[in-house]
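Nothing in this text is a laboratory measurement; each read-out follows from the coordinates by a stated rule. No experiment lies behind these values; they were computed from the predicted model shown. All Cβ positions, even for glycine, are placed from backbone atoms using ideal geometry, and neighbour counts span all protein chains on display.
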Amino acid sequence: MLTKESLPHIISLVDDNSEEVRNQVFKDLSGYGTDLETDLVEFSDILNRKNLHQIKPIIEKNRRDWLLANWKNWYTAITELDKIEIAMNLISKFQLGVLQQTPLSTKLDIIAGNFVNLYPYGNELDLSNYLFHVLDLKGNTDDYYHPLNCNLYHTFESGMALPITLVLIYILIADRVGLQVVGCNFPGHFLAKIEIEGEMLMIDCFNSGRIIFESDLENLSTDSYEALLTIINTPLTARTVIKRVITNLINAYREKGDSVNQQFLKELLLSSPLR
């Protein structure tokens, strides 16, 4: 049985001249388990671009196995926001593996703390300004269908994401600092909803936190004003949000020609309590 201590020797044989040796190496690595990627970090000095590329299918399969084994963790969380955060952290780790150095919750805590330091008495509009102007988080218009646009953790690194990803960041950080932001399944793309001095405002996080007033709603959609108000005032559940995120991922992997992850996420969606 392959052990952690023997990994350096096995990795050195990944591109061996013998096909028989290579086949045995991949068999051993495939049977190592979902800790392979984490354990390989300790031996990063022996890894190079070539052998990393060769074992990439094994690592990606391990990530799928790991997500499948841990996906149910969000089902039993107490609050809707906890469910969303747990699910988004699982998706982030599935996509990034060891590149996610800290839990998503820690990253969100840090951003929330930095906001409070800059805006001790800040409101929801101040938080929007901080996220979408100071931090310059914005919509990824150049590569809209990149799968990492659904990844909250990666968004802090790249600064770009899908509308729903940016709204979730806004919601989860607002909750940490005692503010109230909710998501809105608006026709076209996901928006955030806040209330300032009794006035309802929509925030377009994809477009630098653009403020949409209630009087502007009819100009944004062909739906009737009453239909839009119904959509805006319908509370969103964690299940609705998570289903939309996974659906976005399925579409993104399809656009990128990654049929393996596309099919895997379709099956994950069907197995989840999202209906």
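Structure values in brief
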read-out: Straight-distance crosslink candidates among lysines, where the alpha carbon sits under 21 Å from K138 and sequence neighbours closer than 8 are dropped; value: K107, K193
read-out: For M160, distant residues with modelled amide H under 5 Å away; value: K138
read-out: DSSP-defined antiparallel bridges as percent of all bridges, the stretch 78-271, nearest 5; value: 85 percent
read-out: From the C-alpha gyration tensor of the stretch 1-74, square roots of 5λ in Å; value: 23, 13, 11
read-out: Cβ crowding within 10 Å averaged over residues, with 261-270, 111-120 ranked highest first; value: 261-270, 111-120
read-out: Between helix 163-176 and the chain: long-axis angle, C-alpha atoms, 0 to 90°, nearest 10; value: 80 degrees
read-out: The stretch 13-44: GluC sites (Glu not before Pro) falling in loop per DSSP and having at most 14 other Cβ within 10 Å; value: E42
read-out: (i) 78, 48, 25; (ii) 71, 39, 37; (iii) 51, 47, 31, with the label sought being that of the calculated Cα extents along the principal axes in Å; value: (ii)
read-out: The chain - percent relative contact order, Cα under 8 Å, separation 6 or more; value: 13 percent
read-out: Too-long pairs where the Cα-Cα distance tops 20 Å, listed order kept, from K72/K93; K56/K256; K27/K266; value: K27/K266
read-out: Highest average packing first - 143-152, 83-92, 52-61, 165-174, Cβ atoms within 10 Å; value: 165-174, 83-92, 143-152, 52-61
read-out: Spatially proximal aspartates and glutamates relative to K243 (Cα-Cα < 15 Å; intrachain offsets below 8 disregarded); value: E80, E85, E267
read-out: Sequence-separation-based contact order of the stretch 1-74, relative, with Cα cut under 8 Å and 6+ spacing, percent; value: 34 percent
read-out: Local electrostatic count, Q180, Cβ distance below 11 Å [Lys/Arg +1, Asp/Glu -1]; value: -2
read-out: Whole-angstrom gap from the stretch 141-200 to the stretch 74-121, using each part's C-alpha centre; value: 13 Å
read-out: Charged-residue dipole, Cβ positions (Lys, Arg, Asp, Glu), the stretch 1-159 about Cα centre, Debye nearest 20; value: 260 debye
read-out: Rounded tilt (10° steps) of 49-70 against the dominant C-alpha axis of the chain; value: 60 degrees
read-out: Cβ charges +1 (Lys, Arg) and -1 (Asp, Glu), total dipole of the chain, debye; value: 740 debye
read-out: Student exercise, the stretch 1-74 dipole from Lys, Arg, Asp, Glu Cβ charges, in Debye to nearest 20; value: 400 debye
